[in-house]
Amino acid sequence: MHYMFLKYGLRFLFLLMPVCAFSQWDNGQVSVFFSMPEVALVDIEPGVNNRIHFTLSASTESGSQPVIEESADETLWINYSSALAGQQGSRSVTAELSQGALPEGLRLYLEASDYTGGGDGQVGQPAGKIELSNQPRPVITGIGNCYTGDGIQNGHRLTFSIEISDYANMAAAGQFNFVVLYTLTDN
């Protein structure tokens, strides 16, 4: 009897041993690396024609001031993407007149709307209506890690307006061309 117990008991033990050996727990590790570069991109939409036209016409009535035809333009949108380095803070979009000058006696204003669109993150806040000059002025502030979405109806609508500030300094002339330069800058 003792012999049979050893014979069958050992066989049973050897049959269970692989099951026990394969059911033991083990741990493994995988190293995962993630990298994201610092990003600061700005774009004006629609990309096809970013021109704004203002026309001053002579009045048809003597003694009346000139008429500014289409004194405001709301056709352009500003899009941006921002990924800050570490706990850097925030960014701003500035605007300034470059490559040309505004005619004497006129003032050009720019205002960004509140954000709208299909982006995400900490988008900026409009700084209000600013007068454009050859010095950079903040248009949108408080930009964190975000993207606005691309194209019109994404980001901030830009409203340009013009007014006569000093009629005595105005002179009849042809066309005046200049560029509005936008910069996404660290605060």
Taking the stretch 166-187 and keeping residues outside any strand (DSSP E or B) and either surrounded by 14 or more Cβ atoms within 10 Å (Cβ to Cβ) or among the hydrophobic types (A, V, I, L, M, F, W, C) (or both) leaves Ala168, Met170, Ala171, Ala172, Ala173, Phe176, Phe178
Over the stretch 104-121, the set of residues surrounded by fewer than 17 Cβ atoms within 10 Å (Cβ to Cβ), closer than 19 Å to Ser165 by Cβ and either under 11 Å from the mean Cα position of the chain (by Cα) or at pLDDT below 95 (or both) is Glu104, Gly105, Arg107
When Glu163 is run through (1) closer than 17 Å to Ile130 by Cβ; (2) at pLDDT 95 or above, the failure sits at (2)
Filtering the stretch 40-63 down to residues that are aliphatic (A, V, I, L, M), over 29 Å from the mean Cα position of the chain (by Cα) and surrounded by 11 or more Cβ atoms within 10 Å (Cβ to Cβ) yields Leu56
Pairing a residue in the stretch 48-62 that is among the small types (Gly, Ala, Ser) with any residue that is at pLDDT below 80, where Cβ atoms lie under 7 Å and the two sit 6 or more apart in sequence or on different chains, gives Ser57/Pro66; Ser57/Val67; Ser57/Glu69; Ala58/Pro66; Ser59/Gln65; Ser59/Pro66; Ser59/Val67
Within the stretch 122-133, is there a residue that is surrounded by fewer than 16 Cβ atoms within 10 Å (Cβ to Cβ), at positive phi and touching a residue at least 24 places away in the same chain (Cβ under 8 Å)? no
For the stretch 71-83, check the following and say yes or no: at least one residue is surrounded by 15 or more Cβ atoms within 10 Å (Cβ to Cβ), in a strand (DSSP E or B), of a type in the set (D, E, K, R) and modelled with pLDDT of 95 or more.
no
From the option list Val67, Val39, Val93, Val48, single residue qualifying as over 19 Å from Ala112 (Cβ atoms) and modelled with pLDDT of 85 or more is Val39
Flagged in the stretch 142-165 as surrounded by 18 or more Cβ atoms within 10 Å (Cβ to Cβ), not small (Gly, Ala, Ser) and not in a loop (DSSP other than H, G, I, E, B), in numbering order, are Ile143, Cys146, Tyr147, His156, Arg157, Leu158, Phe160, Ile162
Within the stretch 76-127, residues out of contact with any Asp or Glu (no Cβ under 9 Å at 6 or more places or on another chain), within 19 Å of Glu38 (Cα to Cα) and charged (D, E, K, R) come out as Asp120
Residue pairs qualifying under the 8 Å Cβ cut-off, at least six apart or on distinct chains, with the first in the stretch 100-113 being farther than 13 Å from Asn177 by Cα and the second being charged (D, E, K, R) and crowded, with 18+ Cβ neighbours inside 10 Å, are Ala112/Arg157; Ser113/Arg157
Checking Pro37, Pro66 in turn, the sole residue that is farther than 21 Å from His156 by Cα and surrounded by 10 or more Cβ atoms within 10 Å (Cβ to Cβ) turns out to be Pro66
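The values are calculated or read from the model by the stated rules, or taken from the named source; none is laboratory data. Remember, it's a predicted structure, so these values are computed and weren't measured experimentally. Virtual Cβ from ideal backbone geometry, glycine too; neighbours counted across all protein chains shown.
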